[in-house]
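Please treat every number below as a calculation from the coordinates, not as lab data. Just so you know, these numbers come straight off a predicted model, no measurement behind them. Using ideal geometry, Cβ is built from the backbone for each residue, glycine included, and neighbour counts are taken over all protein chains shown.
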Amino acid sequence: MAYPDSRPRRLRTTNAMRRLVAQTTLEPRHLVLPMFVREGAEEPRPVPSMPGVVQHTMESLRKAVVEAVEAGVGGLMLFAIPEHKDAIGSRGTDADGPLNAAIREVVAEVGDATVVMADLCLDEFTDHGHCGVLAADGTVDNDATLDRYAQMALAQAEAGVHVVGPSGMMDGQVRAVRRALDGAGHTDVAILAYATKYASAFYGPFRDAVESSLSGDRLTYQQDPANALEALRETALDVDEGADMVMVKPAMSYLDVVARVRDLVDVPVAAYQVSGEYSMIEAAAAQGWIDRDRAVIEALTSIRRAGADIVLTYWAVDAAHQLRRR
Ligand code: PBG
């Protein structure tokens, strides 16, 4: 049937009609808020390249997590910036290191009212800025890094984390983390695997947010943006190794990958709307070139429509408030 018998516009005539036929939902519970805490900070410090995002003090972090829980977000993803970095990222595994301390504080504050997740990677903690430890020749040593991730997983589990997010793209990292957790009786700690993480220019502002020490690049461990099949292979391996949930990152330039991963697996799929995706919209909105609130909801809705069950976004609380007002 074609025009004039067929008129698709009939289903767009009123708000109520559009609401009735809307296929994709976006709710606060779908959103996870990434948060940064800086060891030794006395005041929250704005991140210049991410307007509206701060490096928290422990105290401002506590307040912000309460606000996030009140807004109804699905979870929190914690990152920390240590005062001292070294070659093996010691502050990432020290029980009193800033990330483990933050997990303890946050869990004490909100308990099980939301899902507390932590980034499980060494890059914030190493003086060379790589996600793993280095071999004598300066390359990233995959298998030696797995031991460090296992230790980090235990430290985070002991601090009370609900979900660990291994994000370093080492081969075998999910298996190493699962074994370490199970071996110590932390069988309830879940793994959100960064199964597909591309070597992306869109992480630029994040490196500012965590004061990254990296001078080179991550091309030997993060994926080539040209490849989609590799993402499916990485995802299948991670599920096989015991991932409870898998992630695609970044989101917006990789919605095809989100859709294909969603079709491939039977575990929840998350997508990370990364720092560059955030900052581009904020910057355009600050110039008056784009309607910020509408762009935020449209971008998040598109990630859900592509197939993400969960979206990590710096706008989680902001978007949750917008959704409540609707
Ligand atoms: C690595 C990590 C990165 C991000 C999250 N975890 C940075 C990187 O791989 O360089 C980027 C997140 C963002 O850009 O918002 N621990």
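So what's the angle, to the nearest 10 degrees on a 0 to 90 scale, between helix 229-241 and the longest Cα principal axis of the chain?
Helix 229-241 sits roughly 60 degrees off the main axis of the chain.
Answer with one residue from 289, 102, 203: the one whose Cα lies farthest towards the positive end of the charge dipole of the chain, charges on Cβ with Lys, Arg +1 and Asp, Glu -1.
289
Order these peptides, 241-247, 160-166, by their mean beta-carbon neighbour count within 10 angstrom, highest first.
160-166, 241-247
So what is the diffusion coefficient of the stretch 25-244 in µm² per second by Stokes-Einstein at 37 °C and 0.692 mPa s, using a Kirkwood Rh over Cα pairs? Write down the numbers at each step before the final one.
Working: Rh = 17.6 Å.
In µm²/s, the coefficient is 187.
Under the rule of -39500 (n - 2.57) per DSSP H run of 4 or more residues, summed and divided by the residues of the chain, what mean residue ellipticity at 222 nm is obtained, to the nearest 500 deg cm²/dmol?
Values: 12 runs with 133 residues, N = 326.
Estimated from H runs of four or more residues: -12500 deg cm²/dmol.
Going 7 Å from the Cα of residue 66 toward and past its Cβ, which residues in the stretch 99-121 have a backbone nitrogen under 16 Å from where you end up?
In the stretch 99-121, the label zone of residue 66 (backbone N under 16 Å from the point 7 Å along Cα→Cβ) covers 105-114.
If you take every DSSP beta bridge fully contained in the chain, what fraction is antiparallel? Give it as a percent rounded to 5.
Numbers: 3 of 36 bridges.
That works out to approximately 10 percent antiparallel.
Grab the Cα-Cα distance for residue 143 and residue 20, subtract it from 0.36 nm times how many residues apart they are, and report the gain in nm with one decimal.
Values: separation 123, 0.36 × 123 = 44.28 nm, distance 5.23 nm.
Fully extending the segment from residue 143 to residue 20 adds 39.1 nm.
Expressed in nm to one decimal, what extension gain is obtained for the pair residue 109 and residue 134 from 0.36 nm per residue of sequence separation less their Cα-Cα distance?
5.3 nm
Ranked highest first by the average count of other Cβ atoms within 10 Å around their residues, in what order do 93-100, 177-184, 18-25 fall?
Working: 93-100: 20.2, 177-184: 18.4, 18-25: 9.4.
So the peptides 93-100, 177-184, 18-25, ranked by packing, come out 93-100, 177-184, 18-25.
Count the net charge of all other residues whose Cβ sits under 13 Å from the Cβ of residue 187, scoring Lys and Arg as +1 and Asp and Glu as -1.
-1
Sequence gap at least 6, Cα distance under 8 Å: using those rules, report the relative contact order of the chain to the nearest whole percent.
Computed over the chain, the figure is 18 percent.
Using the alpha carbons of the stretch 180-326, what is the convex hull volume per residue in cubic angstrom, as a whole number?
In the stretch 180-326, the Cα hull volume divided by residue count equals 152 Å³.
How much length is gained on full extension from residue 263 to residue 325, taking 0.36 nm per residue of separation minus their Cα-Cα distance?
So the extension gain works out to 19.0 nm.
Can you tell me the order of 283-294, 198-209 when each peptide is scored by its average per-residue count of other Cβ atoms within 10 angstrom, highest first?
198-209, 283-294
Pairs of Cα atoms under 8 Å, at least six residues apart: use those to get the relative contact order of the stretch 1-123, whole percent. Please list the in-between numbers first.
Details: 161 pairs, mean separation 30.5, N = 123.
So the answer I get is 25 percent.
Enter the Cα centre distance for the pair the stretch 138-188 and the stretch 55-132, rounded to the nearest angstrom.
Here the answer is 15 Å between Cα centres.
Placing unit charges on C-beta atoms (Lys and Arg positive, Asp and Glu negative, everything else neutral), compute the dipole magnitude of the chain about its Cα centre in debye, rounded to 20.
Around 1960 debye, computed over the chain.
Using Cα-Cα distances under 8 Å and only pairs 6 or more residues apart, what relative contact order does the stretch 176-326 have, in percent?
Numbers: 195 pairs, mean separation 35.9, N = 151.
This gives 24 percent for the stretch 176-326.
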